[in-house]
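Asker: Right, I'll just put the structure down here and ask away after.
The values are calculated or read from the model by the stated rules, or taken from the named source; none is laboratory data. Remember, it's a predicted structure, so these values are computed and weren't measured experimentally. Every residue, glycine among them, receives a Cβ derived from its backbone with ideal geometry; neighbour counts consider all protein chains shown.
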Amino acid sequence: MDGYSAKDLFELLNQQDECDWIEAKGGKESSHSLMETVCSFSNEPGLGGGYILLGIAEDRGTLFPQYKSVHIDNPDKVQRDFVTQCSSMFNIPIRPKVSVETVSAKTVIKIKIEELPTNQKPLFFKNEGLPKGAFRRIGPTDQRCTEDDLRIFYADFKSYDTTPVSGTSLNDIDEHALKRYRTLREKVNPTAEELSYDDQELLEALGCLSKENTRELNLAGLILFGSSKALRSNFPMVRVDYIRVPGNKWIEDPDNRFTTIDMRGPLMTLLFRLMDAINADLPKGFLLPENSIQANTVGLPTKALREAIVNAIMHRSYREHRPTQIIRYDNRIEIINPGYSLKSEERLGEPGSETRNPFIASVFHETNLAETKGSGIRAMRKLMHQAKLAPPTFESDRVNNQFVTRLLLHHFLDERDLKWLGQFEKFNLTDGQKQALIFVREVGAIDNHTYRQMTDCEVSKASYELRQLKSHDLLIAKGKGKATYYVPGDFILDLSAAQEKSPSSTSNLSTPARDLSTPGQDLSTPPSIDHELQNQLDLLNQREHDAAKVKDIITKICAKEHVKAVHIAAVLNKREDYIKRKYLSEMIKSGELEYLHPEMISHPEQAYITSKKNNSG
């Protein structure tokens, strides 16, 4: 990584965009944003540090965005200020290598940040502390650390599932759950030594008892084998909600339009109850292969569904006091799980596992309920492909600390699809582009990351093929930069309109895509502020520490219509990322606010509205 000039890095940016070790800063970003990159380069294990180019910005005025140099007027002052901040803002001083160079006849500043030695990590902002004051480099982004991240910095950091649960005892164990473990383990290895242990010895061997008091359960023991009563009294929100939603989109009046089954119990028995409930709902079909006289039942593979559910309950963050949600739409199943993926999205499906709850995971692996060596996602993809179903997609969201798995209940490229895709024959689409159109038709939107997951291709190829679809008016781009996503374009919308006028012709060839817009509301317009609310704003201190006051103002801002985070931040005269982190995410978790697009949390047009239970107006 050493030895790159600013010109070399500039050329690399235009070839491959920002990556884990190169960051471009145009000069308009806040100093805190720049320092976050310094922190993440210093902390990320195995990265070796990274380069920052000051005075390089993305030119969004071209069809294919390129980076350009924007010149720095006073490089000496910029250098002095930067070096001063590096030495004073963190828990230990950082000594960057800084040089002034020229790119395209304009002055830029090249900064090299070295990775810190292990014994000096984690680096963090002094005024924020740990874990939130530390940052990691995840792909081309700087991500605020969580408690789960800290274990990579401390060799003796204990996993959260070994936390003792005060007040519990062996009497809180569900005998049926332990019996289920013994039965499953015996099928895998009839001679396993632990099968001869009594219950207490078995729990101790599985790492399910407190180290300090072997008569007391730890989190793993309670979650895996605890009775429903003990789980409810100690972790009331640790449950799975199975939600049946009619249609293909989230219902705006959920109180009357969907049914929910709240399921609670030890994981060793809860998994099977979940599988039974979902399987009873799934559509079944029959496939008669050519030259065969026996039909096979087809549909969502049971093993793929089980793997998705096991991944959710095994890897979820049990620090989060909210349930896992399994939402059954007509055309897909979405599993929304507390806790982002510890493995970066770019590495999902690759061998190797990063486990949040190692003792819980170990029990699932030993009983063959989960794939080993981090191969669960790869197994899901293979099973869905064999069943001729659209591939699963995954979304890891560190900001909202959740992971979403989507399984489409749609037989990809069946006779209906081939007829529908026949309307696009003149465009000479690749197989990946055909998959993208089917996905957009069923889900309503697609982004570069999802396209890569579906087609197993590189970022540059995904970008090129999506842009091709856009150039044919098959897709419309929304958002900017890395937040770009695509919705149905004019050609597809025109086909849908024509089919609505003439339903007898080809109406069976198309399923309308979901409308991701907000009818009757212009989200680009800031909210109106009445006199009473303005008075409240005027009384706020510049550094207001009363969170209740701020939250009250936010509920009033969002009382009548959906409002984007950028507009909420502008009203409060704060940075958007601060408002999201400090207030909006917390108010979503507590139910005070609701998303405009709950099915797509990272939607660039995401907006917030006060929930009905908190809106007296």
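Asker: Can you tell me which residues in segment 11-24 are at pLDDT below 90, under 17 Å from residue 108 (Cβ atoms) and either assigned by TED's automatic domain parsing to the domain that holds residue 459 or not aliphatic (A, V, I, L, M) (or both)?
Answerer: 11, 14, 18
Asker: Condition check: more than 25 Å from residue 278 (Cβ to Cβ) and surrounded by 21 or more Cβ atoms within 10 Å (Cβ to Cβ). Does residue 436 satisfy that?
Answerer: Yes, satisfied.
Asker: Out of everything in segment 36-67 that is part of a strand (DSSP E or B) and surrounded by fewer than 20 Cβ atoms within 10 Å (Cβ to Cβ), what residue ends up being modelled with the lowest pLDDT?
Answerer: Filtering segment 36-67 for residues that are part of a strand (DSSP E or B) and surrounded by fewer than 20 Cβ atoms within 10 Å (Cβ to Cβ), the one modelled with the lowest pLDDT comes out as 59.
Asker: Okay, moving on. Step by step: first the residues of segment 151-163, then only those that are surrounded by fewer than 15 Cβ atoms within 10 Å (Cβ to Cβ) and hydrophobic (A, V, I, L, M, F, W, C), then the one that is modelled with the lowest pLDDT. Which residue is that?
Answerer: Within segment 151-163, the match that is modelled with the lowest pLDDT is 155.
Asker: So, restricting to strands (runs of 3 or more DSSP E) that lie completely within segment 97-146, which ones have at least 3 residues that are surrounded by fewer than 18 Cβ atoms within 10 Å (Cβ to Cβ) and either in the same structural domain as residue 20 (by TED's automatic domain parsing) or in contact with a strand residue (DSSP E or B) (Cβ under 8 Å, 6 or more places away or on another chain) (or both)?
Answerer: The qualifying strands (runs of 3 or more DSSP E) are 97-103.
Asker: Shifting gears a bit: For segment 583-601, does any single residue satisfy the condition of being modelled with pLDDT under 80 and farther than 29 Å from residue 475 by Cα?
Answerer: Yes, some residue in segment 583-601 is modelled with pLDDT under 80 and farther than 29 Å from residue 475 by Cα.
Asker: Something else about it: Would you pick out the residues in segment 175-213 that are part of a helix (DSSP H, G or I) and either in contact with a Pro (Cβ under 6 Å, 6 or more places away or on another chain) or β-branched (Val, Ile, Thr) (or both)?
Answerer: 177, 183, 188
Asker: Any chance segment 183-199 includes a residue that's in contact (Cβ under 8 Å) with a residue 60 or more places away in the chain, under 30 Å from the mean Cα position of the chain (by Cα) and more than 21 Å from residue 408 (Cα to Cα)?
Answerer: Among the residues of segment 183-199, not one is in contact (Cβ under 8 Å) with a residue 60 or more places away in the chain, under 30 Å from the mean Cα position of the chain (by Cα) and more than 21 Å from residue 408 (Cα to Cα), which makes the answer no.
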